[in-house]
Each structure stands twice: as C-alpha cells, then as structure tokens.
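Take a look at the structure below.
The values are calculated or read from the model by the stated rules, or taken from the named source; none is laboratory data. Note that the coordinates shown come from a computational prediction; the quantities given were computed from them, not determined experimentally. Positions of Cβ are generated from backbone atoms using ideal geometry, with glycine treated the same way; all protein chains shown enter the neighbour counts. Just so you know, the surface numbers come from the protein's heavy atoms only, side chains and all, with ligands and any DNA or RNA stripped out. Shrake-Rupley method; radii C 1.70, N 1.55, O 1.52, S 1.80 Å.
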Amino acid sequence: MATAGLAEIPDVDIDSDGVFKYVLIRVHSARDASLDGQDCPSKEIVRGYKWAEYHSDIYDKVSGEIQKKGFDCECLGGGRISHQSQDKKIHVYGYSMGFGRAQHSISTEKIKAHYPTYEVTWADDGY
C-alpha cells in the first residue's frame with residue numbers, strides 16, 4: 001500500500017524555465033512500530049521553483065503536502081537548476097546554505113527520466 005502511494009508522488013516538479021533553487025527530498029512511509037525497525041519504502045523527489053527565496057521555502061511547502069498524504073520526508077540537500085526549455089537543457093549545480101549540497105547525480109537521473117529529450121548536466125561547483 002505504501003509503495004503504491006509513493007508511486008503517485010511525482011519524482012520531479014520544477015519550473016519550466018529560468019534559474020531557481022531546488023531541493024532533493026526523501027519521501028518515506030510514516031514510521032510504523034509493526035515494522036520492528038525495518039526500512040520503510042522510500043523514494044527521492046526533486047522540487048525546484050523560481051518563487052522560492054530560500055531552499056527551506058520549497059521544503060516547507062512540499063513537506064506539508066507530503067505529510068497530508070500520510071508520508072514523512074527529509075531534505076537531503078539543495079542547489080540550483082538552470083532550465084533552458086527552448087534549448088532543451090537543464091544544468092544542476094551549487095548547494096544550499098541551510099541543507100547542504102544535494103547529491104546532484106541522483107537529482108539529474110530523476111530529471112533525465114522526466115525530460116528524456118533534454119541534455120541534463122550537473123556540477124558541484126557554483127552557488
């Protein structure tokens with residue numbers, strides 16, 4: 001049941017154009033005492049929006065939405081995304097002052113799956 005519910009949460013939701021902050025979030029089923037400490041099903045999701053002044057603005061909004069669906073989540077880090085939709089290019093880079101650097105390789109794999117016709121790159125440098 002939890003795995004089916006996780007599948008309904010989109011892996012990627014980012015703005016369609018521009019440069020903006022993003023966060024990598026791990027979503028998992030709420031801890032259940034009956035699991036006896038076993039790992040709960042989980043997945044990573046990417047969220048990035050131009051409206052966010054801080055990475056925490058994105059996480060606060062998304063975590064509230066996730067919790068309403070009966071899941072828990074944690075922020076794994078952040079960075080920036082440069083999305084050039086006309087050129088079909090996305091570049092992931094930088095870090096979050098509050099959450100640290102996201103593992104951009106995971107983020108880019110998720111983005112590549114969502115935008116299969118795009119050139120998706122990443123780098124650890126930049127802010």
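In the stretch 61-83, how many are exposed (fewer than 14 other Cβ atoms within 10 Å of the Cβ) and either in contact (Cβ under 8 Å) with a residue 12 or more places away in the chain or under 14 Å from R26 (Cα atoms) (or both)? Break it down into steps so the answer makes sense when it comes.
Of the stretch 61-83, the ones exposed (fewer than 14 other Cβ atoms within 10 Å of the Cβ) are 64-65, 67-70, 74.
Next, only the ones that are either in contact (Cβ under 8 Å) with a residue 12 or more places away in the chain or under 14 Å from R26 (Cα atoms) (or both) stay: 64-65, 67, 69-70, 74.
Result for the stretch 61-83: 6.
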For the stretch 84-110, which residues satisfy the criterion of being touching a residue at least 24 places away in the same chain (Cβ under 8 Å), touching a Phe, Trp or Tyr at 6+ places or on another chain (Cβ under 6 Å) and surrounded by 13 or more Cβ atoms within 10 Å (Cβ to Cβ)?
I90, V92, G94, R101, H104
Can you pull out the residues in the stretch 111-127 that are modelled with pLDDT under 95 and open to solvent by less than 80 Å² (accessible area, probe 1.4 Å)?
D124, G126
Does any residue of the stretch 27-45 turn out to be open to solvent by 50 Å² or more (accessible area, probe 1.4 Å), modelled with pLDDT of 95 or more and in contact with a strand residue (DSSP E or B) (Cβ under 9 Å, 6 or more places away or on another chain)?
no
